Structures are given as C-alpha cells and as structure tokens.
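Note sheet for the following structure.
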Amino acid sequence: MRGLVLRKRMRFVLRNSNIGRICPFRPGPFMHLSKYFLPVLKEAPREAEIVSHQLMLRAGMIRQQSAGIYSWLPLGLKVLRKVEQIVREEQNRAGAVEVLMPTIQSADLWRESGRYDDYGKEMLRITDRHERDMLFGPTNEEMITDIFRSYVRSYKDLPLNLYHIQWKFRDEVRPRFGVMRGREFLMKDAYSFDLDEAGARTAYYRMFVSYLRTFDRLGVKAIPMRADTGPIGGDLSHEFLILADTGESEVFCHKSYLDLQAPDAGVDYGNDDLIAGIVGDWTAAYAGTDEVHDEAEWMKIPADERVNARGIEIGHIFNFGTKYSEPMGAKVTGPDGKDHVVHMGSYGIGPSRVVAALIEAGHDENGIVWPASAAPFDVGLINLRQGDEATDAACADLYSQMQNAGLDPLYDDTDNRAGGKFALADLIGLPWQLIVGPRGLKAGEVELKNRASGERESLTMEAAMNRLTAWRSQMKARYGG
RNA sequence: CGGGGCAUGGCGCAGUCUGGUAGCGCACCUGGUUUGGGACCAGGGGGUCGCAAGUUCGAAUCUUGCUGCCCCGACCA
C-alpha cells in the first residue's frame, strides 16, 4: 500500500521534471489533475470544527502534523503563495522594503528589550549544542531593531520600513480551528522607523492604506477597528477584521463601513495629506471590537445603522514609539546634530490565517468559493468523457488556448464520472468551470459555469474563451496583477 | 492554565457496559459492464485496536500509569 503510494508520487515528480526540461519556457508544469497531488476527502475528519478547517482538509490543502502545526499540500500552498504575493506587492507599493530574517533567534537580543522574561511560555525556547539560549521567533521587533541600529546613522536615511514574510511560532495554550489559530503560522511583519512621532504617524497611515488595498485585492471587506495595543505597547493601534459568522471577536461598527471603497492602485503614497485623508475617511465612523467597545458611543448611532456581528482579525497595526529603540539604542543623528531615538511601528498580516478567513467568508454547501485573486487556479477544465477522441482533443485545445491567454487552468483529465468531477470542482472552488462533453460538442458548444453565482451557460468554444480572457483582463486592470 | 471528551485500516464509524482473538460504509487494487451531478457486479489488499505495565487460560474490551488529539473558558496574526 505504502509502496504504491510512493511509486505514484515518484512518477508524478519524474513526469513533471521531464516536462520542465522539454518546455523550459513554460511558467510551470502542466496542471493535469491525473498527475497532480490533490488528496481530497469525502468526509471531514472529526476534529475539524469550523467550516474553513473542514474544507481545507477535504480539499487536500493542508495536513495536520501536530497540534497547531500543518503541512501545506499543493493546492493550499498555491493559495498561500497567492495571498503572500498580494501582500508583498501592496507592501512594496507603499514603500516598504522586503528582507528575510531567520526563524531562530538568540535569546540575547530579547534580554536587551526585556522581553525574554516577559514573553512567557508562549515563546518556544531552545538550547543549542553549546548550551546557548535560542528561541523560535514569535515576532521580530528586537531583530529588526538590531539590524536597523547596525547600519542606520542619519535622519536622511529615514523614513524606513522593512518587512519580511516568515514563519512564526507561538506556543499557544490552545491552538484550534486549523490554520486559523495555529502555533506555527506565516506572518508578514513590517517595521517602520522614523525620526519623530509625526513621521511615525505618517508611516502608520501608509500601512493603514496599504492594508485597505491588500484586503480589497483579496476580495474581502476588512474593517479597521480601534484596538488595544496589548503587550507590544504604544498608543495607536488598529485591527482589520472581516465579518464572518465564525469570527472569534464580537464587532460593533457603523454600517457605512460596508460601502466604503478602498483606494485604487494609483494611490500616491508620497502624498501625506492624501494618505491621512483616506485614513480619516476610514476611521470617522464608529468601529470597535468587544475589547474596546464603548456602549455610550454605540448607542448614539441610530439602531438601523448599527452592525453588530462576528469578525476575524486578519491584520493588526501598531505604533509603539520608542519601546524597543530606547532600550536597544536605535538612534540616528538628526538635522540638529544630536542623537534621536527613532520612533517605530509594526504591522502584521497572517497570510496563513487569511487563507482560512477567505474560506470562512466564501463558501457554500458544496465547498469553497475563492475570490478570483487568491484562487489556486482560474479555471477547472472538466473533460466529461476522458478517452473520447473529440472531447480529449477539444480539451487539449482549450487548455493550450487558456495557457496562451495567461489563464491558469487545472485540467481534470481523470477518468472519473461526471458527477465526481463536478463535485470536486465545486469543492476546490475555482472561479470558473469549463465543461466539455460529447453531447455539447455535437452542437458545437461547451459549458461555462461560474462557481460563485452557480450560473451555467452553453456557448461556443470561442465565446467561452472570449469570456474568460475578458474576465482575466478585467482582473488585471483592476489590480495590476 | 481550569473544565469536559476522544484515541479501532487513509477518512467516517460499530464493537468496550457483559473478556473468547476485529467488523461496516467510503477510499484503494484487479476484471467486467457503465459514463452530463459523487455508478454497478465479482474478486482482492491493508489494522501490533495510541503506548507501557498489570489481572486472566485468554484483553480492543477490566485495572494502573503515560502520550497524543479535540471541544468550552481565560490569552493571541
């Protein structure tokens, strides 16, 4: 049994590497389901309680390896990478610069900030062979501050915002809900450095706007809410929450948030007034989680304009002044020739949690409904009669047409029956299903199904391709992707 | 960290009370018939029943200890 599985997987690897050699200019291996690795489950494992966890397991996206620790299987990894890339592009657009810091850190840095003792059991502490105290990083304020102080000497090098996207480990007392609250999780954490408080505030606003754009691109309505600064400290903090019934926090906000439009890709991050204005628009009305909820303010809103719901936190931004720069000596020389302790902020998004949150926000009884930007593939090409000469040829033709048009299709070329293929396509939630069968082909038609609306339409192959390429251009125009 | 629960093939479960050497559905393999919303027939493979010790002629089942996992609460991307 095990041998068979291994042989199958070996064959898969070999096939794909061969394709890579034969077609070196293809962006990736051909995505034929028969040669992919998509271990789907008909029934959800019992331990999965919430719908995103169930669907991620059923759709073969993740595998639990230990409490709160997961392997990412091909389909899940593809979504994770897409989320990560959108986050990256929007960070870059806002002027942040990517670095990559290690997962393992030395305890010494944390002793400098005083957090080695404060952080408690949530921090996984490790001893290396030389008996040195190390730790698996739960966050990177200390390390980034160390990098900053090692190189930056002048106010002329500010403002600076460095970020990375790296695995974190927090030894949560109680991991749960799959990757929604894992112990190991992927986080984008950005850190801003400014000469003074005003500069830090502007840096904070830029990240605020960057987050609005990021979540808009991910197809979710994220509402910024005033938040507790918690153990990280500081006086300015917002959480970004998406509304979902399974959310962990109770949220209270004015319904006007549901209609606000995120700024478009051309937003000028160099225009401080513009950026501050956008933040103003997005903070004018009441919005808060149960932690900071102000019942008196809330009651001032007319009852029919109140939104009281559950929310999932997918981003959190902090301005914490000199909390780390002071004890760690991160200073620059100012225009006045004197040393100034830099003002800092940190800005986090958890892409691994976002993947689960997207499912919480987008699913139905048949499975996942991905937003276009994060879907693992654009189109599921469904061959209803594998082995039939005409349908095989039509599928091969459509497949290469889609590739040439910049679409990313997954071709279900297995010899499963129609019902199984439909069920699978619905489960993994690709935006489109292009259905090709002998019956339709006789009439010169294929079927195009929209996963979100469920609408199915019979049309010629040419018309179907036009529809798909138009959709792709529309996405590209909207997001510049 | 407090409270509760679970652990039997890849997944979902029965069997445990009342001890007699492991079963069902799905999945998987072979052959055949099928093929537009999770097909059918026939045959087949796969499980030290979480681990350890104990009681017993005999333990999935009883006892003790351990481990893992899940749920509720307090905390967090």
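Taking all protein chains together and a probe of 1.4 Å, list A:Met134, A:Met143 from the most accessible to the least accessible.
Solvent-accessible surface, decreasing: A:Met134, A:Met143.
Just how much of A:Lys255 is accessible, in Å², when a 1.4 Å probe is used and the result is rounded to the nearest 10?
In the full protein context, A:Lys255 sits at about 90 Å².
Which residues among region A:337-370 fall inside the zone where the amide N is under 12 Å from a point 7 Å beyond the Cα of A:Ala452, along Cα→Cβ?
Backbone N within reach: A:362-363, A:369-370.
From the protein chains alone at 1.4 Å, what is the descending order of accessible area for A:Leu468, A:Leu243, largest first?
A:Leu243, A:Leu468
Grab the other residues whose beta carbon is less than 15 angstrom from that of A:Asp412, score K and R as +1, D and E as -1, and report the net.
Cβ neighbours under 15 Å give a net charge of -2.
If you roll a 1.4 angstrom probe over the protein chains with everything in place, what fraction of the accessible area of region A:377-481 belongs to carbon and sulfur, to the nearest %?
For region A:377-481, the apolar C and S fraction of the accessible surface comes to 47 percent.
With the other protein chains left in place, how much accessible area per residue, in square angstrom, belongs to region A:377-481 at a 1.4 angstrom probe?
Value returned for region A:377-481: 47 Å² of accessible area per residue.
Would you list A:Lys338, A:Lys42 from the most to the least accessible area, probe 1.4 Å?
In descending accessible area the options line up as A:Lys42, A:Lys338.
Using the charge dipole of region A:377-481 (Lys, Arg: +1 at Cβ; Asp, Glu: -1 at Cβ; taken about the Cα centre), state which of A:Phe422, A:Leu407, A:Asn450 has its Cα farthest towards the positive end.
So the residue furthest toward the plus end is A:Asn450.
Okay, which of region A:245-269 sit inside 20 Å, backbone N to the point 7 Å along the Cα-Cβ direction of A:Arg310?
A:245-254
Would you mind working out the accessible area per residue for region A:76-364, using a 1.4 Å probe, and quoting it in Å²?
42
Which far-off residues, 5 or more places away or on another chain, put their amide H under 5 Å from the one on A:Val251, with H placed in the peptide plane?
A:Ala309, A:Arg310, A:Gly311
Given R₀ = 51 Å, FRET efficiency for A:Ala44-A:Leu459 by Cβ-Cβ distance, to 0.05?
It comes to 0.90.
Work out the length of the dipole vector of chain A about its Cα centre, built from +1 on the beta-carbon of each Lys and Arg and -1 on the beta-carbon of each Asp and Glu, and round it to the nearest 20 debye.
For this selection, approximately 2380 debye.
Please label the shape of region A:76-364 as rounded, prolate or oblate, based on the square roots a ≥ b ≥ c of the eigenvalues of the alpha-carbon gyration tensor (a/c under 1.5 means rounded; beyond that, a/b larger than b/c means prolate, else oblate).
oblate
So, in Å, what gap is there between the alpha-carbon centers of region A:340-392 and region A:398-428?
For region A:340-392 versus region A:398-428, the Cα centre distance is 16 Å.
Using only protein heavy atoms and a 1.4 Å probe, report how much of A:Trp167 is accessible, in Å² to the nearest 10.
About 70 Å², rounded to the nearest 10.
What distance in nm lies between label points placed 7 Å from Cα along the C-beta direction at A:Thr469 and A:Ser154?
Taking the two extended label points, one gets 5.3 nm.
If Lys and Arg each add +1 and Asp and Glu each add -1, what is the summed charge of the other residues whose beta carbon sits under 13 Å from the beta carbon of A:Ser473?
Net charge around A:Ser473: +3.
What list of ³J(HN,Hα) values in whole Hz, one per residue of region A:469-474 in order, does the Karplus curve 6.51 cos²θ - 1.76 cosθ + 1.60 (θ = phi - 60°) give from phi, with Gly and Pro shown as x?
Using θ = phi - 60°, the values come out as 5, 5, 4, 5, 5, 4 Hz.
Report the accessible area of A:Ser237, computed with a 1.4 Å probe over the heavy atoms of all protein chains in place, in Å² rounded to the nearest 10.
So the heavy atoms of A:Ser237 present about 10 Å² to solvent.
For A:Thr283 and A:Ala443, FRET efficiency with R0 = 56 Å and r from the beta-carbon atoms, rounded to 0.05?
Here the calculated transfer efficiency is 0.50.
From the phi angles alone, apply the Karplus equation (6.51, -1.76, 1.60; θ = phi - 60°) to region A:237-248 and give each ³J(HN,Hα) in whole Hz, x where the residue is Gly or Pro.
7, 10, 9, 10, 10, 9, 7, 7, 4, 8, x, 7
Using the Cβ atoms and a cut-off under 10 Å, what net charge is assigned to the surroundings of A:Ile275, where Lys and Arg are +1 and Asp and Glu are -1?
It works out to a net charge of -2.
Principal axes first, then extents: for the Cα atoms of region A:377-481, list largest minus smallest coordinate on each axis, whole Å, largest first.
39, 27, 21
The values are calculated or read from the model by the stated rules, or taken from the named source; none is laboratory data. Bear in mind the structure is a predicted one, so any value in this text is a computation, not a measurement. Cβ sites come from the backbone with ideal geometry, for glycine too, and all protein chains shown count toward neighbours. Areas reflect the complete protein model, heavy atoms only, side chains present, ligands, DNA and RNA absent. Shrake-Rupley method; radii C 1.70, N 1.55, O 1.52, S 1.80 Å.
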